[in-house]
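The structure appears below as structure tokens.
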Amino acid sequence: MSTTPTNLLDNSIAATARCIESLKEIRAEIDRAAELILKTVRSGNKLLICGNGGSAAEAQHFSTELVGRYFKNRRSLPSVALSSDGSLITCIGNDYGFDAAFSRQIEGLAKPGDVVIGITSSGNSANILAALETAKKLGLESISFLGRGGGKARGMATVDLIIPGDSGRCAQEAHLFLVHHFCDLIDAAVE
Ligand SMILES: O=C(CO)[C@@H](O)[C@H](O)[C@H](O)[C@H](O)COP(=O)(O)O
Ligand SMILES: [Zn+2]
């Protein structure tokens with residue numbers, strides 16, 4: 001079959017629909033992550049969220065919906081996207097190496113009860129692995145949004161959300177779907 005824009009679109013729609021449907025296979029992990037996120041924001045502790053590239057955008061997207069708003073007018077909730085400050089990222093990258101881009105911020109910002117969220121479609125980004133390692137070292141719970149089998153990050157966090165399948169693109173789309181799922185639960189639970 002030739003690759004026309006129509007075929008490509010139909011194939012992409014089918015692949016994304018299959019990927020979102022496959023989230024039912026990791027329902028138990030999604031529920032555990034939701035419980036941890038709700039416990040954290042309800043108790044006034046914060047989420048420290050990190051990712052690179054498209055996943056940095058997702059980290060910022062999630063944080064924006066917590067501190068700013070999602071759909072409901074509720075109180076502002078504490079969350080920081082660790083990719084947001086270009087000045088800080090370039091300082092840490094320049095002076096300590098890019099692998100420390102997020103772990104250094106976690107060392108400075110985290111308080112007991114905070115939760116670290118790492119988003120990586122490959123599971124192999126060194127700065128996310130370092131962030132999860134630092135969370136463990138500080139005694140913090142953590143959640144990984146992963147794809148493609150989970151890569152090196154598999155097993156490092158308190159809860160792994162490994163999107164089934166081998167597509168990085170679908171993993172990223174499913175990560176955004178999960179961000180909105182968690183925001184739906186938060187809006188329902190918090191005034
Ligand atoms: O959004 C995309 C690809 O869809 C890219 O910007 C992608 O996020 C970047 O290449 C990231 O550096 C990949 O990092 P990761 O997901 O493997 O941790
Ligand atoms: Zn992308």
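Just a few scattered comments:
- Exactly one residue among 123, 113 is at pLDDT 95 or above and open to solvent by less than 10 Å² (accessible area, probe 1.4 Å), and that residue is 123.
- From 65, 25, 58, 29, residue being outside any loop (DSSP other than H, G, I, E, B), more than 21 Å from residue 127 (Cα to Cα) and open to solvent by less than 60 Å² (accessible area, probe 1.4 Å): 65
- Residues located in the stretch 113-129, provided they are small (Gly, Ala, Ser) and more than 14 Å from residue 101 (Cα to Cα): 113, 121, 122, 123
- Hits in the stretch 161-191 (condition: touching a Ser or Thr at 6+ places or on another chain (Cβ under 9 Å), part of a helix (DSSP H, G or I) and not hydrophobic (A, V, I, L, M, F, W, C)): 168, 169, 172, 173, 175
- A search for C-beta distances below 6 Å between a residue of the stretch 110-123 that is within 17 Å of residue 80 (Cα to Cα) and away from ligand 2 (no atom under 16 Å from the Cβ) and any residue that is among the basic types (Lys, Arg) and assigned to a loop (DSSP other than H, G, I, E, B), counting only pairs 6+ apart in sequence or on different chains, returns 114/46.
- Residue in the stretch 167-183 that is open to solvent by 50 Å² or more (accessible area, probe 1.4 Å), in contact (Cβ under 8 Å) with a residue 60 or more places away in the chain and among the acidic types (Asp, Glu) present: yes
- Restricting the first member to the stretch 38-57 and to residues that are at positive phi, and the second to residues that are surrounded by fewer than 21 Cβ atoms within 10 Å (Cβ to Cβ) and not hydroxyl-bearing (Ser, Thr, Tyr), the beta-carbon pairs closer than 7 Å and six or more apart or on different chains are 44/78.
- Index of the failed condition, residue 101 passing every other in (1) in contact (Cβ under 8 Å) with a residue 24 or more places away in the chain; (2) open to solvent by 20 Å² or more (accessible area, probe 1.4 Å): (2)
- Hey, residue 174 under 25 Å from residue 14 (Cβ atoms) and within 14 Å of the chain's Cα centre (by Cα) or not: yes
- For the stretch 37-68, residues that are within 16 Å of ligand 2 (Cβ to nearest atom) and of a type in the set (Lys, Arg) total 0.
The values are calculated or read from the model by the stated rules, or taken from the named source; none is laboratory data. This is a predicted model, so every value here is computed, not measured. With ideal geometry, Cβ positions are generated from the backbone for all residues, glycine too; neighbour counts draw on all protein chains shown. What goes into the accessible areas is simple: the full protein's heavy atoms, side chains included, and nothing from ligands, DNA or RNA. Shrake-Rupley method; radii C 1.70, N 1.55, O 1.52, S 1.80 Å.
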